[in-house]
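The values are calculated or read from the model by the stated rules, or taken from the named source; none is laboratory data. No experiment lies behind these values; they were computed from the predicted model shown. Cβ coordinates were reconstructed from backbone atoms using ideal geometry, including for glycine residues, and neighbour counts include every protein chain displayed. Please note that ligands, DNA and RNA were not included when accessible areas were found on the heavy atoms of the full protein model with its side chains. Shrake-Rupley method; radii C 1.70, N 1.55, O 1.52, S 1.80 Å.
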Amino acid sequence: MINLNDLTFEQLTAQVAEWGYSQFHATQLWHGLYRDLAQSADDLTEIKPSLKEKLAADTTLSTFTTLSDLESQDGDTRKFLLGCSDGQSIETVIMRYTGRRDRPEDTRRYTACISSQAGCAMGCVFCATGQMGFMRHLTPGEIVGQILFVERLLRAQGASLRNIVLMGMGEPLHNYDNTLQAIDILTDQRGLGLGARHITLSTVGLPDGIRRLADENRLVNLAVSLHGATDAERQKLVPPAKRWPLAVLLDACRYYSEQRRRRIFFEWTLIAYENDTAEQAHALGQLLEGMDAHINVIPLNPTDGYGGRPSDPQRVKDFQAVLASYKLPSTVRQRRGIDIAAGCGQLRQRLSQ
Ligand code: SAH
Ligand code: SF4
């Protein structure tokens, strides 16, 4: 069985040609999938009946069973646990975009936080996904399918999806090919046409993947999770840091900046008295000084497997002030959906919260 949502436009065209149909039919099919958001061959009303029969017999589309649907008390965050065809489950979060208040249309735009793997092999100590371990990579169709799921829901409300963050379960650069293929499908102008500049890929910092991405011609944003500014401190929190020291990671980041000429976002989960000290702030300042960098500070969200505490607002401010002294801009990521465990690092496969 071919999952049509796994295929890029070019691959779909080749497949349709193999079945004996022209590019015209492939384009119609693509429109059915990504403009009309078809959920099954039955929804493909414009498609020639003989091709439709073929599709119904030999192909599938990404569909999930909704295992849970939780709405946060903040009113702007909704988390879904989606069941895949093999029984694995993944989490997808929809957040209302808090754009400019003077532009009412902004309140109808949303951000989707999507998963790239079921589980994660990286094992960051404070992350619920890391604590559960690695199940498997998601297919391109499963990554795309999460967006189709969100888009259908938003369309029914007269809203639309604007931003995508690959910050759900999993490490996207560990699933490099499938993730990039999904990005190509999502940004294809003939279909969903989502803006690559509105897609942010967040990585734990795999230097080979960052270099590969630097050589690709995609305009997605890159966010690199640091959490420690010395090897000793980072290794305590992020196991892959033992294999790739900061010097190697930062070299890859500099290469990315040179090739792509884009600002890099660095993420820093702030844990009280662990990595929110003045020493770490200065070490981070020295590490990134002179780079086109922006630091996203995320006060730790609670997870069952880690006992650390988030930094209080004063310590967050102090940390940011040190960064500012190195001319490094930073923002604190708004806490969202903590009551439904939809915050950064709280995603895992389970039916209750
Ligand atoms: N694997 C990728 C993307 C998913 S995690 C990565 O690690 O970047 C998205 C972000 O949430 C990362 O910056 C991660 O470090 C952060 N995060 C993980 N657990 C967290 C927690 N308990 N509290 C706050 N942020 C967390
Ligand atoms: Fe994986 Fe990212 Fe969680 Fe680390 S923080 S375990 S890389 S999902």
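For A56, work out the one condition from (1) within 25 Å of R96 (Cβ to Cβ); (2) open to solvent by 50 Å² or more (accessible area, probe 1.4 Å) it doesn't fulfil.
Unmet condition: (1).
What's the total number of residues in segment 298-312 that are more than 16 Å from ligand 2 (Cβ to nearest atom), open to solvent by 20 Å² or more (accessible area, probe 1.4 Å) and in contact with a strand residue (DSSP E or B) (Cβ under 8 Å, 6 or more places away or on another chain)? Can you show your working first?
Of the residues in segment 298-312, the ones more than 16 Å from ligand 2 (Cβ to nearest atom) are 307, 309, 311-312.
Still in the list and also open to solvent by 20 Å² or more (accessible area, probe 1.4 Å): 307, 309, 312.
Keeping just the survivors that are in contact with a strand residue (DSSP E or B) (Cβ under 8 Å, 6 or more places away or on another chain) gives 309.
Qualifying residue count for the region: 1.
Tally up the residues in segment 313-347 that are closer than 22 Å to T129 by Cβ and open to solvent by less than 20 Å² (accessible area, probe 1.4 Å), please.
Residues in segment 313-347 being closer than 22 Å to T129 by Cβ and open to solvent by less than 20 Å² (accessible area, probe 1.4 Å): 7 in total.
Return a yes/no flag: does segment 343-352 have any residue that is of a type in the set (K, R), touching a residue at least 60 places away in the same chain (Cβ under 8 Å) and assigned to a loop (DSSP other than H, G, I, E, B).
Filtering segment 343-352 for residues of a type in the set (K, R) gives 348, 350.
Pick out the ones that are also touching a residue at least 60 places away in the same chain (Cβ under 8 Å) and you get 348, 350.
If we keep only those that are assigned to a loop (DSSP other than H, G, I, E, B) as well, we get 348, 350.
Taking every residue of segment 343-352 in turn, at least one turns out to be of a type in the set (K, R), touching a residue at least 60 places away in the same chain (Cβ under 8 Å) and assigned to a loop (DSSP other than H, G, I, E, B).
Of the numbered conditions (1) in a helix (DSSP H, G or I); (2) within 16 Å of ligand 1 (Cβ to nearest atom); (3) surrounded by 23 or more Cβ atoms within 10 Å (Cβ to Cβ); (4) in contact (Cβ under 8 Å) with a residue 40 or more places away in the chain, M169 fails exactly one; give the number of that condition.
Status for M169: all satisfied but (1).
With respect to R108, determine if the residue is of a type outside the set (A, V, I, L, M), at pLDDT below 95 and surrounded by fewer than 19 Cβ atoms within 10 Å (Cβ to Cβ).
yes
Based on this model, can you work out whether T230 counts as in contact with a helix residue (DSSP H, G or I) (Cβ under 7 Å, 6 or more places away or on another chain) and in the same structural domain as L328 (by TED's automatic domain parsing)?
On the way: in contact with a helix residue (DSSP H, G or I) (Cβ under 7 Å, 6 or more places away or on another chain): yes; in the same structural domain as L328 (by TED's automatic domain parsing): yes.
Criteria met by T230.
Give the residues of segment 25-38 that are surrounded by 15 or more Cβ atoms within 10 Å (Cβ to Cβ) and outside any helix (DSSP H, G or I), sorted by residue number.
Listed by number, the residues that qualify are L37, A38.
Only residues that are in contact with a Leu (Cβ under 8 Å, 6 or more places away or on another chain) and not β-branched (V, I, T): list them for segment 213-230, please.
If the condition is that a residue be in contact with a Leu (Cβ under 8 Å, 6 or more places away or on another chain) and not β-branched (V, I, T), then L213, E216, R218, N221, L222, A223, L226, H227, G228, A229 are the ones that fit.
Let's see how each residue does on (1) closer than 18 Å to H282 by Cα; (2) open to solvent by less than 60 Å² (accessible area, probe 1.4 Å); (3) within 16 Å of ligand 2 (Cβ to nearest atom):
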position: D215; (1), (2), (3): no, no, no
position: L219; (1), (2), (3): no, no, no
position: L226; (1), (2), (3): yes, yes, yes
position: T230; (1), (2), (3): yes, yes, no
position: R234; (1), (2), (3): yes, yes, yes
position: L237; (1), (2), (3): no, yes, yes
position: R243; (1), (2), (3): no, no, yes
position: L249; (1), (2), (3): no, yes, yes
position: Q259; (1), (2), (3): no, no, no
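Every residue in segment 112-127 that is more than 7 Å from ligand 1 (Cβ to nearest atom) and either in a loop (DSSP other than H, G, I, E, B) or open to solvent by 10 Å² or more (accessible area, probe 1.4 Å) (or both), please.
Across segment 112-127, the qualifying residues are C113, I114, S115, S116, A121, G123, V125.
For segment 271-295, what are the residues that are within 25 Å of G307 (Cβ to Cβ), open to solvent by 10 Å² or more (accessible area, probe 1.4 Å) and not in a loop (DSSP other than H, G, I, E, B)?
A278, E279, Q280, A283 - these are the residues of segment 271-295 that are within 25 Å of G307 (Cβ to Cβ), open to solvent by 10 Å² or more (accessible area, probe 1.4 Å) and not in a loop (DSSP other than H, G, I, E, B).
How many of the residues in segment 5-24 are surrounded by fewer than 19 Cβ atoms within 10 Å (Cβ to Cβ) and either within 16 Å of K52 (Cβ to Cβ) or charged (D, E, K, R) (or both)?
7
What pairs come out if I take residues in segment 55-66 that are part of a helix (DSSP H, G or I) and pair them with residues that are open to solvent by less than 30 Å² (accessible area, probe 1.4 Å) whose C-beta lies under 8 Å away, six or more apart or interchain?
So the pair list comes out as L55/L4; L55/L29; L55/A41; L55/L44; L55/I47; A56/A41.
Only one of R197, R218, R190, R211 is at pLDDT below 95 and away from ligand 1 (no atom under 16 Å from the Cβ); which?
Working: R197 fails: at pLDDT below 95; R190 fails: at pLDDT below 95; R211 fails: at pLDDT below 95.
Of R197, R218, R190, R211, the one residue that is at pLDDT below 95 and away from ligand 1 (no atom under 16 Å from the Cβ) is R218.
Going through segment 133-151 one residue at a time, which ones are under 14 Å from T111 (Cα atoms) and either more than 14 Å from the chain's Cα centre (by Cα) or open to solvent by 10 Å² or more (accessible area, probe 1.4 Å) (or both)?
The initial filter retains those residues of segment 133-151 that are under 14 Å from T111 (Cα atoms), namely 146-151.
Residues satisfying the conditions are L148, F149, E151.
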